[in-house]
Amino acid sequence: GCVLVVSVIEQLAQWHNSTVKAAMERLCDYIPGKYQVTCHMLCSIDREMNADVVCHSLKLCKQDPGQPLCHLYPPPKREKHSPGFCYVLGHAGQKCQILCAHSSHKSFTGFSSVCAFPLLANLCEKIKYVIRNKLPFEDFDGDKFSTFPTLRGYHWRGRDCNDKNTTVYPGRRPDNWDVNSDSNCNGIWGVDPKDGIPYEEKFCKGADSQGVMLLGDSAGAHFHIPPEWMTVTQMSVKSFANLPMAFTDELDWPQFSEVTGFLNSTIGGWTDSLYLRLRRRNRCNHRDLQNISQNGMFFRFFFNLTTLHLSFSLARNQLLDNPAIVIYATIGNDVCNGNRDTLAHMTTPKEMLSNVVQALRYLDSHLPNGSHVILTGLVDGRFLWDNLHDRYHPLGQLNRDVTYGQVYSFLDCLQVSPCSGWLTPNETLRNLTSERALQLSNVLKEIARSEKFANFDIFYMDFPLRQTAEEWQKMGGKPWQLIEPVDGFHPSQIAAALGTSITWQKMLHEWPQVLGKENPFNDQIEAVFKDQGGH
């Protein structure tokens, strides 16, 4: 974090031909509201020191005994007239301490995270709560649905239409055909004055209404760090306008995601999702979505992530609610970790079988009869290194000095790589990681073939990365554009939208029973309730 911020400040100074102090003030002015507190507490920085030197001198970065020195930029060379890293580091440390001692702001040194700052502590506690429980923080009636967008609110689940009544929420079967009020939040209620028939009965009875739910990892949550946050040539006040929302959504954007997206994308590309397509197929499905995904790295800091943990957060009443399509898509978590001995920390086929079957049994006891479960195989992550390692990262575009390969190595050295097995120059390790991913995909495929459950049928599909890349290249795109530009790891907005189209076509042709029939009353519903259908 420190190296990132200091790099941006130094590049801002270079781009605007200003002092580092002026650049830091410029960056702080870009950042909204209370988030400026942490910004103004940084020490003054010498423009001639690189970010690694500054952050080690502030003791925000350190070298543990017996561990390598982690750095993003090349260390100063020890030549006759050019001191080595250790000398520069010592000199920088003295200089920063002097500057900080004379600063009116409290030193940043010693804080292990931004959560140590009093004004952010309360917000951090809220975020820890939602990471732990994957439930809305603002949920007054306790039905697991919210009228608040972030902190696991309606960006993640259909928006509640009455947060003071626990029996009113998206996805339930209508109460008395919703004659008097909208009990399932799909915007359809009341009685047609022409014939006295409740609209919900007239338009939705026998319409195969069903919701869509995702049990996923950070790809399913749609992790994204806006590149304009660290590309100084694009940086402005407008660049950081979405920072509070992004922070309280854990840097995820489920409202634009492949399975549960429902808003027009503001992060590039376009939004297309399984939920939107199900809603177009049957307008009665309005708001019936749940994204129970989790950033694996964040989760491992606090808890042990398993599919069963994710399943516990689903909101579905077996007796009162509509059936659902549940997508299981942890496409990387089981092979991705930041450990040096990464292979030893990957899920084994035996563990995968036990975890998934246990989760499916839990779902069988909670999903309404007539539901469907689709198991998605793991991705082949060799695509990442092959297409990105020699390209410049957003941090390196100004001076052409930081490639994705360097970023991967830096994160791996710090043991916080999102995936040490794939984001590595070690081709053998990349191949072994893909081999394990294939083994785990085969476990899922066998579960779909052999296991039977009372309340849902079960299917398997490969993660459609190859088809997505082929489709994008036909449209004139480049493979690297399918990867998030900042983290160099997750699927981009373009990849998510194209993946939806490919998945839908497969379901339409191979499993039409999963999608249900088209509702012939869709146009009439829109005509009657056009002002009540907002998300």
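The values are calculated or read from the model by the stated rules, or taken from the named source; none is laboratory data. Everything numeric in this text was worked out from a predicted model, so none of it was measured. For neighbour counting, all protein chains shown are included, and Cβ atoms are generated from backbone atoms with ideal geometry for every residue, glycine included. The area values use the complete protein model at the heavy-atom level, side chains included, leaving out ligands, DNA and RNA. Shrake-Rupley method; radii C 1.70, N 1.55, O 1.52, S 1.80 Å.
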task = Sticking to Cα atoms, compute the Rg of the range 390-435 to one decimal and its Dmax as the biggest Cα-Cα distance, whole number, in Å.
result = 11.6, 37
ask   = What percent do you get for the relative contact order of the chain when only Cα pairs under 8 Å and 6+ apart count?
value = 15
message = Please list, by residue number, every one of the trypsin sites (Lys or Arg not before Pro) in the range 186-292 that is coil in DSSP and has at most 10 other beta-carbon atoms within 10 Å.
response = 194
request  = Return one number: the angle in degrees, 0 to 90 and rounded to the nearest 10, between the long axis of the Cα atoms of helix 465-474 and the longest principal axis of the Cα atoms of the chain.
outcome  = 80
inquiry  = Let me check against my output: what whole-number percent is the relative contact order of the range 211-514, with C-alpha pairs under 8 Å and at least 6 apart?
reply    = 23
request  = Per DSSP H run of n ≥ 4, the term is -39500 (n - 2.57); total these for the chain, divide by its residue number, and report the mean residue ellipticity at 222 nm rounded to 500 deg cm²/dmol.
outcome  = -11500 deg cm²/dmol
key: Principal axis box of the range 304-397, alpha-carbon based, largest edge first, Å   = 55, 31, 19
request  = Write down the radius of gyration of the range 462-522 and its Dmax, each obtained from C-alpha positions, in Å.
outcome  = 14.4, 44
inquiry  = Suppose the chain between residue 147 and residue 263 were pulled fully straight at 0.36 nm per residue; how much longer would it get relative to their current alpha carbon spacing?
reply    = 40.2 nm
request  = Evaluate the range 428-535: find the radius of gyration of its Cα atoms, find its Kirkwood radius, and give the ratio Rg to Rh.
outcome  = 1.08
ask   = Expressed in whole Å with the largest first, what are the equivalent ellipsoid semi-axes of the chain derived from the C-alpha gyration tensor as the square root of 5 times each eigenvalue?
value = 45, 27, 20
ask   = Taking all pairs of different Cα atoms in the range 204-295, averaging 1/r and flipping that mean, what Kirkwood radius in angstroms comes out?
value = 14.4
inquiry  = Let me test this: with uniform point scatterers at the alpha carbons of the range 211-514, what is the Debye-based log₁₀ I(q)/I(0) at q = 0.14 1/Å?
reply    = -1.09
ask   = With the other protein chains left in place, how much accessible area per residue, in square angstrom, belongs to the range 211-514 at a 1.4 angstrom probe?
value = 38
query = Round to a whole number: what % of the accessible area of the chain belongs to carbon and sulfur, probe 1.4 Å?
reply = 53
inquiry  = My understanding is that a pair violates if its Cα-Cα distance is over 29 Å; which of 205/530; 474/506; 164/194 do that in this structure?
reply    = 164/194
note = Ordering 343-356, 50-63 by per-residue average of other C-beta atoms within 10 angstrom, highest first, gives 50-63, 343-356
